[in-house]
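Input: a single structure, listed below in structure tokens.
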Amino acid sequence: HAGVGIEPLTPRESEVLALLGQRLTNKEIAAELVISAETVKSHTLSIYRKLDVRGRRQAVARAIELGLL
């Protein structure tokens with residue numbers, strides 16, 4: 001049951017998450033999405049909160065479990 005009990009990610013958060021899955025740095029993600037590294041940081045923190053994880057590797061693993069990636 002993908003997404004049951006978790007706050008849905010915004011389309012932008014989903015894009016950031018997909019790029020985290022490709023092991024890009026915040027800087028690389030920022031360049032890819034044409035946003036600032038600070039914005040990437042706030043999206044990643046929001047993603048961690050929504051997925052209840054503590055870092056990018058956990059976020060990616062959780063996203064795969066949930067069928068988001």
Margin query: When the residues of the range 1-34 are narrowed to those that are of a type in the set (A, V, I, L, M, F, W, C) and free of Cβ contacts under 8 Å to residues at least 12 places away in the same chain, which ends up nearest to Gly67 (Cα to Cα)?
Written below: Val4
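So for the range 4-15 (the condition being out of contact with any Leu (no Cβ under 8 Å at 6 or more places or on another chain), modelled with pLDDT under 95 and of a type in the set (Val, Ile, Thr)), does at least one residue qualify? Show your work before the answer.
Taking the range 4-15 as the starting set, the residues that turn out to be out of contact with any Leu (no Cβ under 8 Å at 6 or more places or on another chain) are 4-5, 7-8, 10-11, 13.
From what is left, the residues that are modelled with pLDDT under 95 are 4-5, 7-8.
In the following step, the residues that additionally are of a type in the set (Val, Ile, Thr) were identified as 4.
So far as the range 4-15 goes, yes, one or more of its residues are out of contact with any Leu (no Cβ under 8 Å at 6 or more places or on another chain), modelled with pLDDT under 95 and of a type in the set (Val, Ile, Thr).
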Check: Pick from Val53, Val40, Val60: which is part of a loop (DSSP other than H, G, I, E, B) and surrounded by 14 or more Cβ atoms within 10 Å (Cβ to Cβ)?
Finding: Val53
Check: What pairs can you find where one residue is in the range 37-61 and on the phi < 0 side of the Ramachandran plot and free of Cβ contacts under 8 Å to residues at least 60 places away in the same chain, the other is open to solvent by less than 50 Å² (accessible area, probe 1.4 Å) and assigned to a loop (DSSP other than H, G, I, E, B), and their Cβ atoms are less than 7 Å apart, with a gap of 6+ or different chains?
Finding: Ile47/Leu9; Lys50/Ile6; Lys50/Leu9; Leu51/Ile6; Ala59/Val53
Note to self: Looking for something open to solvent by 50 Å² or more (accessible area, probe 1.4 Å), modelled with pLDDT of 95 or more and in a helix (DSSP H, G or I) - is there at least one such residue anywhere in the range 16-26?
What the structure shows: no
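The values are calculated or read from the model by the stated rules, or taken from the named source; none is laboratory data. Only a predicted model underlies this, so the values are computations on that prediction, with no experimental measurement involved. All Cβ positions, even for glycine, are placed from backbone atoms using ideal geometry, and neighbour counts span all protein chains on display. For the accessible areas, the whole protein counts, side chains as well, though only heavy atoms, and no ligand, DNA or RNA atoms are used. Shrake-Rupley method; radii C 1.70, N 1.55, O 1.52, S 1.80 Å.
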